[in-house]
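The values are calculated or read from the model by the stated rules, or taken from the named source; none is laboratory data. Worth saying up front: this structure is predicted, and the values here are computed from it rather than measured. Here Cβ is always computed from backbone atoms with ideal geometry, including for glycine, and neighbour counts include all displayed protein chains.
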């Protein structure tokens, strides 16, 4: 950490890494959670315990299957020509298949003026499919943590740390999330 960086405790266990004032902007998402827009945003201590991203560096990776990936890209292009929803559905199905995952999904951040920011699952494949078009609050979701961190994150047993997904069944052992920036926003 540089001499200008300090750790600050905020809001019942939320932690932020504070950089010089000119390097950040404050965004208030809910009355209890302030986020500084940098790569080390406010993450509740309990949520931080779920992060095991560093373990990815120690795991063996699979050999790429360029043929299968090329076929999926062609299918995605065809699905995109049909509709955005068809493309998102195809993307989640193929992501689950290629990654050998029990489920895959895409959530979209929505911030209506009269409600708190939340994520809506717009495409789901696998055992989470029944949760299609349901919402999860920004400040109590793996998606919110991933978006705040601004990079792919791996979570262990996320249901232990995020009450908004306690009902997901069967329990999730690990969840790998990747933020996908859209335009000027997250």
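Residues in segment 142-178 that are closer than 18 Å to residue 118 by Cβ and within 8 Å of the chain's Cα centre (by Cα): 142, 143, 144, 145, 146, 147, 177. For segment 107-143, what are the residues that are closer than 19 Å to residue 181 by Cβ and touching a residue at least 40 places away in the same chain (Cβ under 8 Å)? Across segment 107-143, the qualifying residues are 109, 117, 138, 142. So for segment 161-172 (the condition being in a strand (DSSP E or B) and either modelled with pLDDT of 90 or more or surrounded by fewer than 13 Cβ atoms within 10 Å (Cβ to Cβ) (or both)), does at least one residue qualify? No, segment 161-172 contains no residue that is in a strand (DSSP E or B) and either modelled with pLDDT of 90 or more or surrounded by fewer than 13 Cβ atoms within 10 Å (Cβ to Cβ) (or both).
Only one entry in 155, 138 is surrounded by 15 or more Cβ atoms within 10 Å (Cβ to Cβ) and farther than 22 Å from residue 96 by Cα, namely 138. Against the conditions (1) at positive phi; (2) touching a strand residue (DSSP E or B) at 6+ places or on another chain (Cβ under 8 Å), residue 150 satisfies every one except (2).
The residues of segment 93-117 that are more than 21 Å from residue 169 (Cβ to Cβ) and in a strand (DSSP E or B), listed by number, are 108, 109, 110.
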